[in-house]
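Enquirer: One structure is given below, represented as structure tokens, and several questions about it will come after.
The values are calculated or read from the model by the stated rules, or taken from the named source; none is laboratory data. Keep in mind that this is a model prediction, so the values were computed, not measured. Neighbour counts run over all protein chains shown; Cβ positions are idealised from the backbone, glycine included. Ligands, DNA and RNA are excluded from the accessible area calculation, which covers all protein heavy atoms including side chains. Shrake-Rupley method; radii C 1.70, N 1.55, O 1.52, S 1.80 Å.
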Amino acid sequence: MNILKPNMIFKVLALVLALLGYYVSPYGPNIGIGGPIDSESQNQPGSATSGSFYMATVTRVADGDTITVRNRDGATHKIRMHAVDAPEINQAGGEQSRRWLTEQVLNQNVKIVVNNTDRYKRQVAKVVLPLEGCQQRFCDGETDINLKAIENGYAWWYREFARTQSSEDRVLYETAEDEARKARRGLWQQTAPQAPWQWRTEQRNQR
């Protein structure tokens, strides 16, 4: 009868323990003692952590308040512009709103300042045309595209989400809408433009 030598016994035991560790770990293979490694921490590009920001390139404009960007790591993210609501594509003014936003940001480098993530997994964020060398969330002289959309009359200030804005932004966005309405810019050239949230409610009720 063959008897395993002590060194062989140790090798077999080591192999068994290694295999047990592989399958028992709740995180799968290649996980250290400290647990799973986050592939995208709050300090890395594309993070959806509130208050974080990152640089990206706009690759698509879906409508007047929704874009797709690619960050410097090559990951893509769908962005819902924070605190603004543009007409839906099938709504009056929808195509004009998308055309305006396309002219502003498509293929442009932008700064994405994240507020949160919505139920559709989109990053709700402020889209900013950055100044070279700015390492902050927002620098004087940079362009807040969300605010600019309201100023030019291609989106409403989304008052429902005002509480998620800074007090300064609330004043700026409200003032921008009032002035755009008085000057009859963009969608305010219509006799009675309908707010997108009202239009969506009507569409749901008709189904």
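Enquirer: Restricted to the stretch 134-147, and to residues that are without any contact (Cβ under 8 Å) to a residue 60 or more places away in the chain and open to solvent by 60 Å² or more (accessible area, probe 1.4 Å), which residue is farthest from Ala183 (Cα to Cα)?
Expert: Gln135
Enquirer: Right, something else. Looking at (1) in a loop (DSSP other than H, G, I, E, B); (2) over 21 Å from Gly51 (Cβ atoms); (3) not hydroxyl-bearing (Ser, Thr, Tyr), which is the one condition that is false for Gln136?
Expert: (2)
Enquirer: Which of the residues belonging to the stretch 180-200 are within 21 Å of Arg98 (Cα to Cα), open to solvent by 30 Å² or more (accessible area, probe 1.4 Å) and in a helix (DSSP H, G or I)?
Expert: Arg181, Ala183, Gln189, Trp197, Gln198, Trp199, Arg200
Enquirer: Can we say Ser25 is surrounded by 14 or more Cβ atoms within 10 Å (Cβ to Cβ), of a type in the set (Gly, Ala, Ser) and modelled with pLDDT of 80 or more? Before you say what the answer is, go through the steps one by one.
Expert: Numbers: surrounded by 14 or more Cβ atoms within 10 Å (Cβ to Cβ): yes; of a type in the set (Gly, Ala, Ser): yes; modelled with pLDDT of 80 or more: no.
Criteria not met by Ser25.
Enquirer: Being under 18 Å from Leu187 (Cα atoms) and open to solvent by less than 10 Å² (accessible area, probe 1.4 Å) is the filter here, so list the residues in the stretch 82-107 that pass it.
Expert: Within the stretch 82-107, Ala83, Val84, Asp85, Ala86, Pro87, Gly94, Ser97, Leu101 qualify.
Enquirer: Residue under question is Lys121, and the condition is that it be touching a strand residue (DSSP E or B) at 6+ places or on another chain (Cβ under 6 Å) and either at pLDDT 95 or above or open to solvent by 50 Å² or more (accessible area, probe 1.4 Å) (or both); does it hold?
Expert: For Lys121, the condition - touching a strand residue (DSSP E or B) at 6+ places or on another chain (Cβ under 6 Å) and either at pLDDT 95 or above or open to solvent by 50 Å² or more (accessible area, probe 1.4 Å) (or both) - is not met.
Enquirer: So how many residues does the stretch 150-179 have that are part of a loop (DSSP other than H, G, I, E, B) and of a type outside the set (A, V, I, L, M)?
Expert: So the count comes out to 6.
Enquirer: Quick one: Val127 ticks every box in (1) open to solvent by less than 70 Å² (accessible area, probe 1.4 Å); (2) modelled with pLDDT under 95 except a single one, so which number is it?
Expert: Only one criterion is unmet by Val127, namely (2).
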